[in-house]
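Single-structure report; data block below.
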Amino acid sequence: MSKLGRKVLVPPIPREAETDLKKIPDLCLWNQYHVQDERIENLVVELKRPTKKLGKKELDQIEGYAFAVGNDPQFPKENTVWNFILLGSDFDDHVIQKLKDRKDGAGNYYNSDDGSISISVHRWSKIIQEGKLRLSFLRDKLDFTLEESKQALDYLHSAYASLFELKEQ
């Protein structure tokens, strides 16, 4: 560990934090990436099985995770954004009412006043459909053949003539 410049690899977790650590998502996907200079975004996704209809219990669960992170000093707060997403196949009436007429976009459930925490709730079908649309868009834009552009083909032939020559065997 001295080569890493540390005495310990992972700092010890305070005893009072251990109880909160037992409340973890069934399946948590986490990613951290730098957005602007020093700002960091974190993505936490709570996946529910396709047969599970999202209701008050699931909203309370994702909210509990988000607020636990927001209140825990072990998680960075400065220049950091935490995005929590709850994903399921369908919503019950409670969730539909909670998501109704949101000004911050479809699926948005909660945004902290300082913008550091957001909670969104989405259906699997929406995520899959958006993915298909993005894939279709990229496929259309990248579907380019050299035959469609004589100028590009002529350039490649002149610039890389040696690569186009057939070698006799």
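Quick check on my filter: what residues within the stretch 16-59 are surrounded by 10 or more Cβ atoms within 10 Å (Cβ to Cβ), of a type in the set (Asp, Glu), modelled with pLDDT under 90 and in a helix (DSSP H, G or I)?
Asp20, the sole residue that qualifies.
Restricting to the stretch 90-103, and then to whatever is of a type outside the set (A, V, I, L, M, F, W, C) and at pLDDT 90 or above, can you tell me which residue is surrounded by the fewest Cβ atoms within 10 Å (Cβ to Cβ)?
Out of the qualifying residues, it is Asp93.
Among the residues of the stretch 73-89, write down those that are exposed (fewer than 15 other Cβ atoms within 10 Å of the Cβ) and either at pLDDT 85 or above or among the hydroxyl-bearing types (Ser, Thr, Tyr) (or both).
Selection gives Ser89 alone.
Out of all the residues in the stretch 89-131, which are of a type in the set (Val, Ile, Thr), within 15 Å of the chain's Cα centre (by Cα) and within 20 Å of Lys53 (Cβ to Cβ)?
Scanning the stretch 89-131 gives Ile119, Val121, Ile127, Ile128.
Of the residues in the stretch 60-76, how many are in a helix (DSSP H, G or I), out of contact with any helix residue (DSSP H, G or I) (no Cβ under 6 Å at 6 or more places or on another chain) and not acidic (Asp, Glu)?
The number of residues fulfilling the criteria is 9.
The values are calculated or read from the model by the stated rules, or taken from the named source; none is laboratory data. Quantities reported herein were computed from a predicted structural model and do not represent experimental measurements. When we count neighbours, we look across all protein chains shown, and the Cβ atoms used for this are built from the backbone with ideal geometry, even at glycine.
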